[in-house]
Amino acid sequence: MSANVLVEAIGPREGTALRLKQVALVALGILALAIAAKIKVPMWPVPITMGTFAVLTIGTAYGARLGLITMVGYLLIGALGFDVFAGSSAEKFGLTYMMGGTGGYLVGYLLATILLGALAARGWDRSVGKLALALFLANVVIYVPGLLWLGQLYGWDKPILEWGLTPFLIGDAIKLAMAALLVPALWKLVGSART
C-alpha cells in the first residue's frame, strides 16, 4: 500500500499500531498548533505568529481526515478555555475569544486543512511548485471566512482589509514559502530512508 500523505509513509500502516500512531500524531499536532500560535516573530508591519504555518504543514502532512481531527481537537481545547490561541489572554479565553475577531479565521483553518489534505493526497505535496499553489489556495480559504466574519462583526464600513488582510501578507508569504520547501524535502528524506 503506497502512502498518499507524508504521515502515512512513516511508521505502522495497519492495525492497532496504526491507531496508536494516529492518536500520537493528533496529540502532537494539537501541541504543535498551541505552541506555534504563541511564537511571535518580530516583523513589519505586524509580528507574525507561526500558527498558520502549523496549520498549513499539519494539513499537508496529515491529510484531510487526520488533519481535520487534529484541528477540531485543537479548537475544542481552545473552546474549553485553555490558552492555545495566538491572541488569547487571561481576560478572554474559550468561546468568548473564538467568537471575536479571530472566529472566521479559525473556521478557515478547518477548511484549509481539508483542502490541503485533499491536494496532498493527489501528490501536490511532493513538488515545491504545486505545494506553493496549494498553500496559496489554502491561505485564501483561511482569509475568506476570516474577512467575512470581521465584516459581519464590526461592520462593512470599517477598514476590514486593513485590519484582517494586508498587514499579514508578508508574513504569510514567508510561512507559505517555508512550508512549500519543508514538506517536499521531508518526502525526499522518507524516500531516501526507505531505499
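The values are calculated or read from the model by the stated rules, or taken from the named source; none is laboratory data. Here the structure is a predicted model, which means the values were calculated and not measured. Counting neighbours? That spans all protein chains shown, and the Cβs are built from the backbone with ideal geometry, glycine included. Please note that ligands, DNA and RNA were not included when accessible areas were found on the heavy atoms of the full protein model with its side chains. Shrake-Rupley method; radii C 1.70, N 1.55, O 1.52, S 1.80 Å.
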Can you tell me which residue among L106, L80 is open to solvent by 70 Å² or more (accessible area, probe 1.4 Å) and touching a helix residue (DSSP H, G or I) at 6+ places or on another chain (Cβ under 7 Å)?
L80
Please tell me if L147 is over 20 Å from G63 (Cβ atoms), touching a helix residue (DSSP H, G or I) at 6+ places or on another chain (Cβ under 9 Å), open to solvent by 50 Å² or more (accessible area, probe 1.4 Å) and touching a residue at least 40 places away in the same chain (Cβ under 8 Å).
no
Which of the residues that make up the stretch 108-157 are among the acidic types (D, E) and in contact with a Ser or Thr (Cβ under 7 Å, 6 or more places away or on another chain)?
D125
Test: T52 is without any contact (Cβ under 8 Å) to a residue 12 or more places away in the chain and under 28 Å from G155 (Cα atoms):
no
Unmet criterion (only one of (1) open to solvent by 40 Å² or more (accessible area, probe 1.4 Å); (2) in a helix (DSSP H, G or I); (3) modelled with pLDDT under 95) for A27
(3)
Failed item, numbered, when V55 is tested on (1) in contact with a Phe, Trp or Tyr (Cβ under 7 Å, 6 or more places away or on another chain); (2) outside any helix (DSSP H, G or I); (3) hydrophobic (A, V, I, L, M, F, W, C):
(2)
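Per-residue answers, yes or no, for (1) modelled with pLDDT of 95 or more; (2) β-branched (V, I, T); (3) open to solvent by 30 Å² or more (accessible area, probe 1.4 Å):
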position	(1), (2), (3)
R13	no, no, yes
T16	yes, yes, yes
L33	yes, no, no
I39	no, yes, yes
I48	no, yes, no
A54	yes, no, no
T57	yes, yes, no
A61	yes, no, no
R65	yes, no, yes
Run W44 past the list (1) touching a residue at least 60 places away in the same chain (Cβ under 8 Å); (2) in a helix (DSSP H, G or I) and report the number of the one that doesn't hold.
(2)
Give the stretch 94-111 a look and list any residue that's touching a Phe, Trp or Tyr at 6+ places or on another chain (Cβ under 7 Å) and of a type in the set (F, W, Y), or say none.
Y97
Selection from the stretch 116-139 of residues of a type in the set (A, V, I, L, M) and open to solvent by 50 Å² or more (accessible area, probe 1.4 Å) yields V128, L133, L137
Give L133, L181 a once-over and let me know the one that is in a helix (DSSP H, G or I), touching a residue at least 12 places away in the same chain (Cβ under 8 Å) and of a type in the set (A, V, I, L, M).
L181
Going by the conditions given, is D157 more than 25 Å from I35 (Cβ to Cβ), outside any helix (DSSP H, G or I) and among the acidic types (D, E)?
yes
